[in-house]
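To keep things clear, I will list the structure first and then write my remarks on it.
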Amino acid sequence: MSSTHPNLPVVKISPRGATRLKSGHVWIYRSDVLGSEAIPPGSVVTVSDQRGKMLGTALYSSSSQIALRLLSHEPVPDSLALLRQRIIDAIAYRKDIVRDADAYRLIFSEADFLPGLIVDRYNDILSIQVLTQAMDTNPMRETFISTLQEQLNPAAIVERVDPRVRELETLPPRASGLLHGDKTASTFTMNSVQFLYDAMEGQKTGAFLDQRENYAAAARYAHGAALDVFCYHGGFALHLAPHCAAVTGIDSSRPALEQADKNAALNHELLGNKEIEWIEANAFDLLKDYSAASHLYDTIVLDPPPFAKTKRDLDSALRGYKELNLRALKMLRKGGVLVTCSCSYHVGQTDFLEMLALHYVIIRRSYLVILFR
Ligand code: SAH
């Protein structure tokens, strides 16, 4: 008896790979693939163990170290129908859990059982990223574009291309651009705060959507004089402003600050007559100067870019976090709040907390709100 789908190529994997799949992991590395010579890049394949027993259905990459990304533990007779259904399920799930926002990650790759597809919603514009050979094939592209159109009726679908990912997947170069509609600018709302959106600009797909709930949490504790360090488009600063007497945002990027200022203008009703001060500076230098000059704040947000992109950067990353957090803690008034974030994949929660606890004990003032990205 064979439960494999007759039309799909079969990829055999090592016992180690099979154990990983069975324990719930959804990736198989190339080193666990036992021969896959004739398989076209980006194929949907049946995965089997050494003896030919079917383990599931996966997306195959001919070049990535992640050779197989599991689609299902079952045979998949129609992968395009499955893609469509999973998109519908992901949309329904977000409808259930997202509150007070029309900007959020709608589809998150493996987390939605859609390996290699990311879709962010910014009000009426969808911004997508395609990260694997399989998702880049024409039938897959046609299916996800038509399903998104039919389910959400967006004004536009924009693709943001990461050239490095296409290189790793040996996919031909491709420009970022519109896949549907012609709108590239809009506004979106998170927790009643409005933001301008330009689909072709900015980092990632345009905003740091993963901070949405943290903005709301930070706003609950914010008071007095606030400093938003690494403020980008003002995500935290704008959320803090209604609760604070004065807010200053700091970033080294002038275009980011210009956008932040426009966002402040868009929220003039929410902010009343409050002006947010934006300062273009290197945050390390500025915090050094401010702490030396004994500037004090009641609320400080630290949300730096990732410091540890690889494991090797861990020590220097922790030194960077230590410097920033120590200075910020010194600059907090009694009863102040530090909102401190890390988006470094290789800095674990324990490392980060240890780094903070050390200084918290030394300084003995204030309390902390710790937010993770
Ligand atoms: N808090 C933001 C996201 C911050 S992303 C939000 O919620 O949207 C990190 C930001 O740090 C970027 O805007 C980048 O321009 C800025 N940045 C990077 N290095 C910096 C430095 N040395 N000094 C100040 N800003 C820096």
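Any read-out appearing in this document is the output of simple, stated calculations on the displayed coordinates, not a laboratory observation. All of these numbers come straight from a predicted model, not from anything done at the bench. Cβ coordinates were reconstructed from backbone atoms using ideal geometry, including for glycine residues, and neighbour counts include every protein chain displayed.
Which of the trypsin sites (Lys or Arg not before Pro) across the stretch 21-58 are loop residues per DSSP, with 16 or fewer other Cβ within 10 Å?
Passing both the DSSP loop test and the Cβ count: Arg51, Lys53.
Number of Lys pairs in the stretch 254-359 with C-alpha atoms less than 20 angstrom apart, excluding same-chain neighbours closer than eight positions?
Summing the qualifying lysine pairs gives 7.
From the backbone phi of the stretch 237-247, what are the Karplus-calculated ³J(HN,Hα) couplings (6.51 cos²θ - 1.76 cosθ + 1.60, θ = phi - 60°) in whole Hz, Gly and Pro given as x?
After applying 6.51 cos²θ - 1.76 cosθ + 1.60, I find 3, 5, 6, 6, 3, x, 9, 10, 6, 8, 10 Hz.
For the chain, take the longest principal axis of its alpha carbons; what is the angle in degrees between that and the long axis of helix 79-97, to the nearest 10 within 0 to 90?
Here the helix axis deviates by roughly 30 degrees.
For the stretch 1-89, rounded, prolate or oblate, judged on the Cα gyration tensor with a ≥ b ≥ c (square roots of eigenvalues), a/c < 1.5 rounded, else prolate if a/b > b/c?
rounded
List the chymotrypsin sites (Phe, Trp or Tyr not before Pro) within the stretch 285-323 that fall in a DSSP loop (any state other than H, G, I, E or B) and whose Cβ has at most 13 other Cβ atoms within 10 Å.
In loop regions of the stretch 285-323 (DSSP not H, G, I, E or B), there are no sparsely surrounded chymotrypsin sites (Phe, Trp or Tyr not before Pro).
Take Arg99 and Val161, extend 7 Å from each Cα along the Cα→Cβ direction, and tell me the distance between the two endpoints in nm.
4.1 nm
Tell me which trypsin sites (Lys or Arg not before Pro) from the stretch 67-128 have a DSSP coil assignment and no more than 12 other beta carbons within 10 Å of their own.
Sites meeting the loop and neighbour criteria: Arg99.
Take the alpha carbon gyration tensor of the stretch 238-294, find the square roots of its eigenvalues, order them as a ≥ b ≥ c, and report rounded if a/c is under 1.5; if not, report prolate when a/b exceeds b/c, else oblate.
It comes out oblate by the Cα gyration axes.
Whose amide H sits under 5 Å from the amide H of Leu179, counting only residues 5 or more places off or on another chain, with H placed in the peptide plane?
So Leu179 has HN proximity to Ile157, Val158, Glu159.
Above 36 angstrom, tally the Cα pairs of the chain and express them as a % of all pairs, no decimals.
The calculated P(r) of the chain puts 34 percent of pairs beyond 36 Å.
How long are the semi-axes of the equivalent ellipsoid of the stretch 176-233, defined as square roots of 5 times the Cα gyration tensor eigenvalues? Whole Å, largest first.
Sorted largest first and rounded, they come to 28, 12, 10 Å.
Give the long-range amide H neighbours of Leu71: residues separated by 5 or more places, or on another chain, with amide H under 5 Å away, using H modelled in the peptide plane at 1.01 Å from N.
Thr57, Ala58, Leu59
Using θ = phi - 60° and the Karplus form 6.51 cos²θ - 1.76 cosθ + 1.60, what ³J(HN,Hα) does each residue of the stretch 140-149 get, whole Hz, x for Gly and Pro?
Once θ is set to phi - 60°, the couplings for the stretch 140-149 become 5, 4, 4, 5, 6, 5, 5, 5, 4, 4 Hz.
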